[in-house]
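Here, each number is a calculation from the coordinates, and none is a lab measurement. Quick caveat: nothing in here was measured; it's all calculated off a predicted structure. Counting neighbours? That spans all protein chains shown, and the Cβs are built from the backbone with ideal geometry, glycine included.
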Amino acid sequence: MTSSAAAPIRQLAVMPRRLRVASRAASGARVISLANQKGGVAKTTSTVNLGAALKELGKRVLVVDLDPQSNLTMSFGVDPETVEKSMYDVLVHRVPIDEVIHRREVDIAVGSIDLAGAELALSSAIGRERALEKAFMSIKKEYDYILIDTPPSLGLLTINAFTASDGVIVPVQCEYLSLRGLVQLEATLEMIRENLNRGVAIEGILPTMLDKRTVHAREALDLLHASFGDLVFTTRIRKSVKLAEAPVQGGSVLAYEPECGAAMAYRSLAEEVITRDE
Ligand SMILES: Nc1ncnc2c1ncn2[C@@H]1O[C@H](COP(=O)(O)OP(=O)(O)OP(=O)(O)O)[C@@H](O)[C@H]1O
Ligand SMILES: [Mg+2]
């Protein structure tokens with residue numbers, strides 16, 4: 001893709017930021033979705049570790065598992081098969097969200113496999129795209145940041161996340177960079193802006209699983225910068241086995257190995273996110 005093809009994305013994404021800051025001041029927590037319809041790009045890993053890093057900086061953080069795979073829930077040491085209620089009940093049965101929040105390293109609103117049926121269960125409901133936004137209303141003042149981990153699709157669960165969000169962080173794996181996928185994601189966001197939430201925009205693109213030694217990864221980074229300019233976070237997340245090990249211990253890499261490079265990188269991302277918010 002050429003940089004001119006990407007230009008409208010940059011304009012659209014930057015424009016609503018002022019609106020977003022204004023609306024947030026009135027409503028409490030800043031809500032950020034981590035989304036990319038491509039699987040395995042570190043959405044969940046980034047939700048866990050950005051959440052923990054924001055908490056370290058003194059922010060009140062809630063993370064929300066909106067993925068039927070429930071990897072976020074498992075990453076904080078909660079077994080999604082034994083939870084009594086999950087985000088499914090919040091979205092479909094309108095159970096108050098505080099009934100599914102577990103206190104862990106950060107607060108987590110848990111997911112379960114039931115979420116696989118949420119899109120169908122909601123499909124005929126009036127206001128089906130706003131179920132999550134409504135659920136947040138009762139708790140938004142209790143948090144500074146709400147991070148939503150989304151499934152690898154642009155279906156109704158992700159649309160609920162975008163409708164409830166101020167910003168979207170898009171993790172991308174440089175090795176298998178899909179600019180077409182990013183354009184599709186932005187098109188979905190544009191539809192959300194037109195119909196459901198005019199303040200939502202891409203907050204930043206996060207290069208993940210970077211192996212700087214490969215020429216291909218360097219070329220992919222250059223292409224990202226050429227296409228999306230300042231939307232690409234300065235922070236890059238390198239490949240690190242620690243990020244795969246930490247969830248087995250039931251938490252973030254900041255808790256598991258506080259001084260490792262991956263922990264430092266997510267701290268730096270948290271600072272960038274806070275700065276972009278100001
Ligand atoms: N920087 C990294 N270095 C090495 N491994 C990583 C890194 N980030 C994530 N991983 C690992 O890559 C795999 C995919 O990551 P993750 O589950 O966060 O992706 P995802 O986008 O949430 O996937 P899905 O689309 O299935 O929800 C996991 O096993 C995770 O531990
Ligand atoms: Mg995931």
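A few comments on the model shown:
- With the simple spin-label model, which puts each label point 7 Å out from Cα in the Cβ direction, the L196 to A116 separation comes to 2.3 nm.
- Those residues of the range 130-157 whose amide nitrogen sits under 20 Å from the label point placed on D98, 7 Å along Cα→Cβ: 132-147
- Each peptide among 92-100, 128-136, 64-72, 269-277 gets the average number of other Cβ atoms lying within 10 Å of its residues, and from highest to lowest they stand as 64-72, 128-136, 269-277, 92-100.
- Potential lengthening of the chain between E81 and S124 amounts to 12.8 nm, from the contour at 0.36 nm per residue minus the alpha-carbon distance.
- The slack between K141 and R238, meaning 0.36 nm per residue of separation minus the straight C-alpha distance, is 31.5 nm.
- Take the Cα of H225, step 7 Å toward its Cβ, do the same at M264, and the gap between the two points is 2.0 nm.
- Semi-axis lengths, Å, the chain, gyration tensor of Cα atoms, sqrt of 5 times eigenvalues: 26, 23, 17
- Mean residue ellipticity (222 nm) of the chain, computed from DSSP H runs ≥ 4 via -39,500 (n - 2.57), nearest 500: -13000 deg cm²/dmol
- Once the Cα-Cα distance is subtracted from the 0.36 nm per residue extended length, the E271 to A187 segment shows a gain of 27.4 nm.
- The Cα-based radius of gyration and maximum Cα-Cα distance (Dmax) for the range 126-278 are 16.7, 51 Å.
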